[in-house]
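Bear in mind that the values in this text are calculations on the coordinates, not laboratory data. Computed from a predicted model, the values in this text were never measured in an experiment. Note that each Cβ is placed from the backbone with ideal geometry, even for glycine, and that neighbours are counted across all protein chains shown.
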Amino acid sequence: MKTMFKVLVSVFALGIVILVGLHLFLQYGLTKAMREVVLPRIEEETGIAATVGGLSLNAAAGEMHLKDVAVKNPEGFLLENLASIERINIEVDVLSLLKPGPMLVKNVEVENAIVNVIRNKDGEINLNKLQEGLPQPEPVPPVQRPSPRPGKPAPERVPVPERPVPGRPMPPPLEPEPLPELLINALQCSATVRYVDFKLNQLDIALDLSLIGKNISTLQAANAPWGELAVIGSLGDRRTSFVTDLRLKLAPVTDMEKPSFDLTGKILEIDPGIMDEIYSRMGIRTAPFGLDPQFFCRGGRFEGSAVALSLTDIRFEDKLAKRFGGLGSIGSLRFTVPVEGTLQEPVIDIQQALYSAIGGNAPNLLDSILRGVAGKELGSDKAPETLGEAAVEMLGEQVDEIRENEEFKDDLNTLGKWLFGK
């Protein structure tokens, strides 16, 4: 789950880098500048190597078309490209380039994008490695201690924070350079997001996603509107798997490390293989599951956030089954996992939430167990529908008068519902 949040941060960073490149390109307005100035400058400052197969520009109309755009993977990852895009169509408000203020982008259309998210055998994720190349805050300069006495070794040069001087205020922290002001009025994107995990038996899944957005910006004004994004899709070769319907409300991105957003929606029929590491630590296995995120992030910190998990066919490994008094499986369970901390270091304890949910559903689980036991005793694969029915069926196996008298069995079932409430 933490990987998912880190991927979100990296995607934000990658998007801003592309927008900065676009801004520089439109300033130069030349094809040659893209290859000889913009792309080398991006690689020099961020370590991101990108290529563009072809482009055309209609300056008067503010239109630009790029073909065969690719972002290379960092070293240590097998696939050549982190992302590739068949075609990008951009329409810009030309007047916004000629006057102070934000650059206004009327429309961005991204066709047939492929994003390869890879985790190698060392557990490193390519998007995280890419983010490491982005500009970082300046380190604290080292301070030289007083010179040693003759015959004694010189002290090490160690970085220490500047100490306050009595009567003199501390200098304010260095503010990061603001992002270029951009406003994208409309955005459409068709993409395949492929996740390859070489640490999880080479897990390889590809989601076909469609993204529609509006008012995505880096505006600095306090009253700037929030943008909106909708993501819909499913697994490429199985349309009933990874069924995705997400809604994102995004505040203007002024600090890549501290975005503000609301993310809600659902993802259904998720392959449990993607949770293999977590499941192994918890000692459980499940059928395909679903999740409903309710993420509210302000300034990079989660507030009142949670994700609801819907698990089915839950099977406990021996050690965990003993902890639950021999409970080996549960048919289905829905529980909520709180999400706290920051976007970079989220605090998510699925295991504790699961154990609490099992404890809180003890009466229902006990009912399910007893009905299952009754079904086995009666030689049936299907458990009785109610606990009262289970008791009547088991009595009928022992007492002929009960088994042969349907009216008597109905009366006992009525009594069982009154006693057990089921």
Amide H partners (placed H, <5 Å) of N73, local residues excluded: N81, L82
Given unit charges at Cβ for Lys, Arg (+) and Asp, Glu (-), the dipole magnitude of region 176-317 about its Cα centre in debye, nearest 20, is 200
Summing Lys, Arg as +1 and Asp, Glu as -1, what charge do residues with Cβ under 14 Å from the Cβ of D262 carry, D262 excluded? +1
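With Cβ to Cβ distances under 10 Å as the rule, what net charge do the other residues near L229 carry (K, R +1; D, E -1)?
+2
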Sequence order, region 66-80: Karplus ³J(HN,Hα) from phi using 6.51 cos²θ - 1.76 cosθ + 1.60, θ = phi - 60°, Hz rounded, Gly and Pro as x, gives 10, 10, 6, 8, 9, 10, 6, 6, x, 5, x, 10, 5, 5, 5
Yeah, region 259-360 with a ≥ b ≥ c from its alpha-carbon gyration tensor (a/c under 1.5 is rounded, else prolate when a/b outruns b/c, oblate otherwise) is prolate
Environment charge at S96 (Cβ cut-off 13 Å; Lys +1, Arg +1, Asp -1, Glu -1): -1
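Restrict the search to region 281-340; then list the GluC sites (Glu not before Pro) that DSSP places in a loop and that have at most 12 other Cβ atoms within 10 Å of their Cβ.
Of the GluC sites (Glu not before Pro), the ones in loops of region 281-340 whose Cβ has at most 12 other Cβ atoms within 10 Å are E303.
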Placing unit charges on C-beta atoms (Lys and Arg positive, Asp and Glu negative, everything else neutral), compute the dipole magnitude of region 259-360 about its Cα centre in debye, rounded to 20. 300
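A 29 angstrom limit on the alpha carbon distance is what I want to check against. Which of K99/K214; K266/K322; K214/K266; K121/K249; K67/K129; K67/K258 exceed it?
K266/K322; K121/K249; K67/K258
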Sequence of K129, K214, K99 once ranked by neighbouring C-beta atoms within 10 Å, starting from the fewest: K99, K214, K129
